[in-house]
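One structure is given here, and the rest of the page talks about it.
The values are calculated or read from the model by the stated rules, or taken from the named source; none is laboratory data. Computed from a predicted model, the values in this text were never measured in an experiment. Cβ coordinates were reconstructed from backbone atoms using ideal geometry, including for glycine residues, and neighbour counts include every protein chain displayed.
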Amino acid sequence: MTASQHCPIASPREERRLVAIHRHGLLEAGPSPRLNAVVRLAANLLDFPLCRLAIVGSREVVCHAAAGRTPTDSRWPRALTFEDESWGDDKLFVALPRALRTQSVGGLSYEAQFYAAATVFDPHGLPVGVLQLVDDCPRTLTVLQRHALADFARLCESELFADAAPTGTLDAAWLRDPETGVVSRRHFRSELLKASYVTFPRVVCVRIENLHTLESRRGWDAVRRVQRKLTERLEEMVGSNTPIAMNDWASYVFVAPSSWDGRVILQELLMLSQRLACRITLGQQAFVPKIVMGASDAMSPDDDAGRVILEAYRAARFAHQNGHRAVVRSATHAENEQRRSVVLERLERALATRKLSLAVQPKFDRALRPMGGEVLARWIDDELGFVSPGEFIPVAEEHGLIRELGWCIVEGTCRLLSEAKARGSEVPPVAINVSTPQLESFSFAGDLLETLTVYGLTPQDVEIEITESVFSENVEQARRTLESLAEAGMSVYLDDYGTGYSSLSYLKSLPISYLKIDRAFVMELARESDDAAIVEATIAMAHALGISVVAEGVETEEQWRLLCEMGCDVVQGFWCGRPMPFDDFLQVTSREVAACAPKVEEP
Amino acid sequence: MKGTIPRCLQDYVSSHHGEGVWRTVCVEADVDPDTRFAPQSRFDDAMVYRLISATTSVLGVTLEEAARAFGRHWAHVYAARLYPVAYEENRDLVSFIFSVNDLHRRVIEDTAASPPFLDLSWESPTRLLIGYRSDRHLIAVAKGLLEGYAAHFEEDVDVNILSASRLELVFPHPSPAFVRPWNSQR
């Protein structure tokens, strides 16, 4: 039977696909116990009631292996081609085909509400079927779960085409990752345990911090290419005899060579991270991996291998969170981890009960007349006492609480402003810091403007401060949010200017009213001629674009004088006004000039 | 529950019946009439249900009528004002309805809300079946929402409730968005 007999309307690609299926006898082959094991494992690990491997022929779909489904339903008719369903293009897709609406699991019928599938390819890259997950309740798959599903599809390929790829058998796949060739985690643990009887090994974890961004922008293929390249580099640098494993898809673990003792290990890690971070070419573009590394304490045979690996992973995460390239684990880090988990638990409670308080740091114009303030979150916990924003904001960011924290600040600010206005106080606009995840939400602008209306405020009563990190993420949604707010009359500040990803084109095209020069440039203004040159040029550029300039971190009269000479419009800092309770802020802004000003004439 | 639901209810009652009627609703529900329902604030579910119940008694309408009116107001007035970008991404009613699950996924990412899930399937070129999955079982709200979306996109469709979890959209003309079911015979 030829391919054209299979499907009279088939395209050339579909014909090649059907020939491949025919050549491997995939439609005729019966159920495979080994494939069943893979599918069962996928269903259990990803927690789905139904998982099956379906080979898609011209007229029918044949189930090769399944977990959860009723065994009588192993073939069902097929009307459309791969092209119609776009299965050939999307290696992983999440949709609900109408044909899958009614499912039978364990003899019970139910309506499918969620469907995800990863395409299974033959050794020539032609799609032959799909590994499907079906659930009877609406749900989503996390990025990691999607990758796990894709990996299970690769395992199915290894089994289906074992003859074509001798190293791709199930057993080999359990021992080594078929794509990168590194050993599996399970195998790594046993190797680590063996090593602990000979020496006191340390585990090193290598995290690629920007691999998620690459995945979202360039797809899984690009990630795989980067993984292969980094594996090559790692093997070259630490030696092929050292077991290297993927800890997850964005991190590696390996046993530190015995020559890396306590004195030199940090130096070795720094050197390694530098060499791993070299540019990787991906077609026309390049990718520069952002590498951070962590090493565990030395392991004894009594230690649990999993715990030691986790220790190395946490050390790498600690390095990332604290802006280091590498960290070697010590008792201090264990204490920090403990503290973070307590802070997280208490912060969740504080947000639920809105127990954060707010302080406001005033801003002044060049003549030191008050012209507004910046709202800052303050948290005094019943058990922990004062917790600095530098400690709880990173915890909120890491654990998905940053939006909730943001709304807590918005509502608290609106309440204070509304109460002050009800008392008849004159209140200048105050600025609220808005996180990038908030800006990227399609509902943020509408909800913020509605919150102002609810509290009887106008968009001119509140300003927002954004950071340069917005330029590295979903710029288009952030742009829409900013434009909506600016159209309503709200001023936008670009905070921490000069320390992140600012692009001049964004400055030109986004509705930014004020640019805040980071304190790092202001601190040494009087002593560092480079800083002075940068600040002066920034002010000139911003003014040319019609943007006003705020200098942060003004701590001396000399800095204020220099900034005034350079044409800076607004100053903010401890010299002219520390963060203070809202009522004190109202008193400060009711004065004509700042308390520090009277003895100084305006330059 | 997020404040956006009682806020929309307040918006509906105040705009259609006046601020005084809303205050009466609040008093009837034993809720402070000056409560500020900011969209992202959290409110007790029981309090919101008391407000809905009081709305039906003060306005003299059934729960189904109130739910439908709420749905229409949400879709055509409130959400259209607050979240225009969600509408602008779609050119017509059908494309909007097919984007709703994705929209709700984004809502779940942003907040702790639990919006409904729609299971969509074409029965014929003029009939779209909508399975409605929600913990709150408010099929009348769903009907009002669909009517509101149709009004927003200025499209003439009939929305009928088929059961507690199914609705249908009936178009006067065959929809160009119709897609033959995956398992139908050619």
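Against the numbered list (1) in a helix (DSSP H, G or I); (2) surrounded by 19 or more Cβ atoms within 10 Å (Cβ to Cβ); (3) at the interface with chain A (Cβ under 8 Å from one of its Cβ atoms); (4) not hydroxyl-bearing (Ser, Thr, Tyr), B:LEU146 comes up short only at (3). Evaluated against (1) under 20 Å from the mean Cα position of the chain (by Cα); (2) part of a loop (DSSP other than H, G, I, E, B); (3) away from every other protein chain (no Cβ under 14 Å), A:PHE442 falls short on exactly one condition, (3). From the list A:VAL434, A:VAL427, the lone residue that is aliphatic (A, V, I, L, M), crowded, with 23+ Cβ neighbours inside 10 Å and on the phi < 0 side of the Ramachandran plot is A:VAL434. Of all residues in the range B:1-22, exactly one satisfies the criterion of being part of a loop (DSSP other than H, G, I, E, B) and within 13 Å of another protein chain (Cβ to nearest Cβ), namely B:GLY3. Checked against the criteria, A:GLU397 does not count as in contact with a helix residue (DSSP H, G or I) (Cβ under 9 Å, 6 or more places away or on another chain), within 13 Å of chain B (Cβ to nearest Cβ) and of a type in the set (Asp, Glu). Filtering the range B:34-49 to residues that are assigned to a helix (DSSP H, G or I) and surrounded by fewer than 18 Cβ atoms within 10 Å (Cβ to Cβ) leaves B:ASP45, B:ALA46, B:MET47, B:TYR49. Scanning the range A:510-529 for residues that are part of a helix (DSSP H, G or I) and either modelled with pLDDT of 80 or more or basic (Lys, Arg) (or both) returns A:ARG519, A:ALA520, A:PHE521, A:VAL522, A:MET523. Check whether at least one residue in the range B:118-125 is more than 14 Å from chain A (Cβ to nearest Cβ), modelled with pLDDT of 85 or more, under 28 Å from B:VAL170 (Cα atoms) and out of contact with any Cys (no Cβ under 8 Å at 6 or more places or on another chain), and report yes or no. Yes: one or more hits. If only residues of the range A:464-499 that are among the polar types (S, T, N, Q) and more than 9 Å from chain B (Cβ to nearest Cβ) are counted, the one that is surrounded by the fewest Cβ atoms within 10 Å (Cβ to Cβ) is A:SER472. The listed residues are B:VAL61, B:VAL31, B:VAL25, and the only one of them that is without any contact (Cβ under 8 Å) to a residue 60 or more places away in the chain, touching a Leu at 6+ places or on another chain (Cβ under 7 Å) and assigned to a loop (DSSP other than H, G, I, E, B) turns out to be B:VAL31.
In the range A:227-284, of all residues being within 13 Å of A:VAL206 (Cα to Cα) and basic (Lys, Arg), the one that is surrounded by the most Cβ atoms within 10 Å (Cβ to Cβ) corresponds to A:ARG233.
When B:ALA140 is tested against (1) surrounded by 18 or more Cβ atoms within 10 Å (Cβ to Cβ); (2) within 10 Å of chain A (Cβ to nearest Cβ), just one condition goes unmet, and that condition is (2). No other residue among A:SER240, A:SER258 is more than 19 Å from A:ILE208 (Cβ to Cβ), small (Gly, Ala, Ser), modelled with pLDDT under 80 and in contact with a helix residue (DSSP H, G or I) (Cβ under 9 Å, 6 or more places away or on another chain) apart from A:SER258. The single condition among (1) under 18 Å from A:GLY406 (Cβ atoms); (2) more than 14 Å from chain B (Cβ to nearest Cβ); (3) within 30 Å of the chain's Cα centre (by Cα) that A:ASP461 does not satisfy is (3). Does B:VAL107 qualify as being more than 10 Å from chain A (Cβ to nearest Cβ), under 28 Å from A:GLN438 (Cα atoms) and under 16 Å from the mean Cα position of the chain (by Cα)? Here the answer is no, as B:VAL107 does not meet what is asked.
Listed conditions (1) at pLDDT 80 or above; (2) surrounded by fewer than 23 Cβ atoms within 10 Å (Cβ to Cβ); (3) under 20 Å from A:GLU28 (Cα atoms) are all met by A:ASP163, apart from (1).
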